[in-house]
């Protein structure tokens, strides 16, 4: 019989022993690091000399290092000569950038003549493309790549964060509420793909790239970054068209690590991290707050919001002159909490300064010529910044891959990848929290009342700490079977079966939180921040993705110069979806929050859904090259989708590309010693988009509401059905036409490499609003295929890698740009509030700011210069401290005309919010076991309009005092020379005088923000211990490193927001703060 107690004791002992072993290993590694100079016995030394040549003669600056002793080395002189004292039985490592490194045993010899051979690594480099690999030198499509080295040691939670800025054209940005632990970033390839909307104004289809992990659709946010071997981004139609209608806007191909023949390799990597919030606004103090709000009220109504006595009361508490912070009496026996006099920085109260995280990864790989294997396990745990209630995110991954060459003609590959993520947070930490946190973050409000109870009416501490938990658990299982039959040389027949299942379970409970009365503190009432009833909710989702693929490839050559590769196949995809949700109020006890213990018969939710889609496609590709000089590729895909009606279900999409390896021409021979690689590329392709948001976009759905009627039947409310909206049965594919021109080069022994691409991509037949019809129709006009756009831009990648003696270094620059122009859109009046044909997306139209009127006389003179209406179209009661807008159309008044492109009054195009010139800069160096890297990422041009009612940017808003806030930055507001404000005059202020009115907040030139930035994304310093030391204890490699993420930001944007979150969040930018991360890591190979 199983003894649970014995099992628990054994389990505890196992983990105690494991911790001991890990500690011992760490201690040994650190001891070796500290004592490295004193270890290692010395053999007899001799002086060796020699000369290093290449095909052109002596090589200057070649590196000669004694193997296993990186501290003992030299470089060749101007004549290629060197001399070095080494052990008599040592080995010399001779290297130079652009040439293959050589290992030469000394074996007692004292003179060496060494001939270097060119390293054709760039020519032989292989890139993963659709259903195959290709040599990079023969690639004709536009493909960007990243390797494990680019992401492996970054202290980030997922691979998406590590890829930001690494590959030009792969655009990654924040979304939702910013830096929450479970946040996902938005990804696009080469900018906007579609702007189509359905009748409800929701996105009709997705413009995101297809993410494939080892050939199967997957999630970049959850994959173990340590498992990644390489990433290829297929950017143009020639590269991505083989995947058809699932990949009209690019493909991200992730290839994970596999086993290699040889002895078992055991790798352990660990990382300890500490995060701090960055760019979190600094809140005003209590005295600044009451004066700002009082001025805002007085400037608008002529009445004070606070008395002089109350403001002095606030000041006395802030300065320590008084301990009393309660002013007057509240109503109904409650505290007068809006007139307390505390001095609380609520953002610092809610968010703590540091949050720990750690990650551990173990992998084992090896095998023989017949069979290889790769196993890995990863665990990451991360805490959040929330001080009350806290949040946690845990990720567990297990990967197993096996490859078996069963016979000469038969190979079988199988992989299994399991990922679990657990996320937990306070239930009240939702969109409502971000929407209200700043307006309720008045510094005068207290955390506790004088009786010691939380003032839960006015702060979120109580609901965060005691209001229940929200839990999300996601399990993903991906299984892949691949059988390769090779009946003849160079002919492969491949069958693949991919199966992916996702099981998500969300649970949340929401408890009532109470506030305490002032005079009878034992009595309570429901807090303003709390729900009215206890509630429990359960949500379950399961998806099953089936993807069988059969294809064959064959390559052959004619007369050794005409090289062909032919591929053809069939692919099917089936996605099945089901979900279920149940929620009910009336919880019997908060100790056990489950649906079975809820009692409310009227307040509940019960719903579920089944749906699926299917896709089938035939594909083919042919590659031809003549002697590696002239390259041709053609792709053809024939797709059918269940999302469209029978008459529009199938579509044929072709693509082709051409390449010319100019550097292989005879006329290039004179330049070949300088520029070894120079290739021109051009491609064109047509694709279609089946990624509609609705899986049934051409079908009407009947809405049904349980107990939604207005009358009783058998004692219960009746269920009702609603008339479905109109749809267009002719809705069809969005069609994408993609053109790309580019070149690649490698020069100076491939020390200098780079590529450039220019592209334009037309998306046609996007779904847009239907033609306006009379209201007598009685229904919303259905959307139709009536919208076109063009996205265009360029990408540049250039790198330099060299070695000077024992110092190796590299520099790499990525920069890309894209813009989107609307070619057709149903906007007959050219309203500025909609997309307009011929105009760029993201254009910002605003007023021209003359300045802030410093005196009443200056404002009166300005108004007098506008005899046809002044600025009354915008607001009234114009005084000193208000904005003076320019009459740029000269009609004697300030307004926006008809708000159309043809009549915009005094508006003009003042900027564009599209991020431009996305940049990534990498600097790295290696010297005697030390390695250093620095990575900068940024956007070099972006205009940002904060919006006229942005609480984050303006502080006081037109929604009134209860929807306003106060930061230190907001205190730089206009105060006249003769002001009565205790804050003193400020006539050269940044902000106009505060008002609970938006007349000074119109989109305008003075407050258009420069959201460009450069951020030090990663700085890392590492040290690899000498092999001569670690081999003695059975280790192959030991590296320790320290790293920092988001260490420095250079930007001209207002300090009220982070440039990476500008434009998202609530109330003009209320978000969960992003993180600055400090980490220590260890990597050990056994």
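What follows is calculated from the coordinates using simple rules that are stated; it is not laboratory data. Owing to the predicted nature of the structure, the values given are computational and were not obtained by experimental measurement. Cβ sites come from the backbone with ideal geometry, for glycine too, and all protein chains shown count toward neighbours.
What the table shows:
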quantity	calculated
Rel. contact order, % - alpha carbon contacts under 8 angstrom, at least six apart, the chain	11 percent
Segment residue 522-residue 780, extension gain: residue separation times 0.36 nm, minus the distance between their alpha carbons	87.4 nm
The stretch 826-860 versus the stretch 909-932: alpha-carbon centroid distance in Å	33 Å
Angle between the chain longest axis and helix 286-301 axis [Cα atoms, degrees, rounded to 10]	60 degrees
Cut-off 16 Å, label 7 Å out along Cα→Cβ of residue 260, residues of the stretch 325-369 by amide N	363-369
Förster radius 35 Å - calculated FRET efficiency between residue 353 and residue 532 (Cβ-Cβ, nearest 0.05)	0.50
Simple spin-label estimate for residue 360 and residue 107 in nanometres, 7 Å along Cα-Cβ	4.7 nm
Exposure proxy order (Cβ contacts within 10 Å, fewest to most) of 801, 578	578, 801
Among 1053-1059, 689-695, 621-627, the order from most to least packed when residues are scored by Cβ within 10 Å on average	1053-1059, 689-695, 621-627
Normalised contact order of the stretch 887-974, rounded percent, pairs of Cα under 8 Å and 6 or more residues apart	17 percent
Separation in nanometres of the label points that stand 7 Å from Cα toward Cβ, at residue 540 and residue 981	5.9 nm
Relative contact order (%) - the stretch 848-906, alpha-carbon pairs under 8 angstrom, separation at least six	37 percent
Least to most buried among 288, 772 (fewest other Cβ within 10 Å first)	772, 288
Per-pair calculated FRET efficiency, R0 = 22 Å: residue 612 and residue 729 via Cβ, rounded to 0.05	0.60
Highest average packing first - 556-564, 499-507, Cβ atoms within 10 Å	499-507, 556-564
Beta bridges by DSSP in the stretch 45-119, antiparallel share as percent, to the nearest 5	80 percent
Mean ellipticity per residue at 222 nm, deg cm²/dmol - from DSSP H runs of n ≥ 4 across the chain, formula -39500 (n - 2.57)	-3000 deg cm²/dmol
Neighbour-count order for 781, 536, 674, 344, fewest beta carbons within 10 angstrom listed first	674, 781, 344, 536
Global form of the stretch 122-259, assessed from the alpha-carbon gyration tensor, a/c cut-off 1.5	oblate
Gained length - residue 671 relative to residue 1080, 0.36 nm times residue gap less alpha-carbon distance	142.5 nm
Inter-probe distance in nm under a simple model that places probes 7 Å from Cα toward Cβ, at residue 115 and residue 758	4.5 nm
Label zone at residue 217, where the point sits 7 Å out along the Cα-to-Cβ direction: the stretch 245-260 residues whose backbone N lies under 19 Å	245-255
Between the stretch 174-197 and the stretch 678-703, the Cα center-to-center distance that results, in Å	18 Å
Calculated FRET efficiency for the pair residue 319/residue 208, C-beta based, R₀ 51 Å, to 0.05	0.40
Peptide ranges 276-283, 317-324 listed from the most packed, as the mean C-beta count within 10 angstrom indicates	276-283, 317-324
Separation between Cα centres of the stretch 287-324 and the stretch 391-468, rounded to whole Å	39 Å
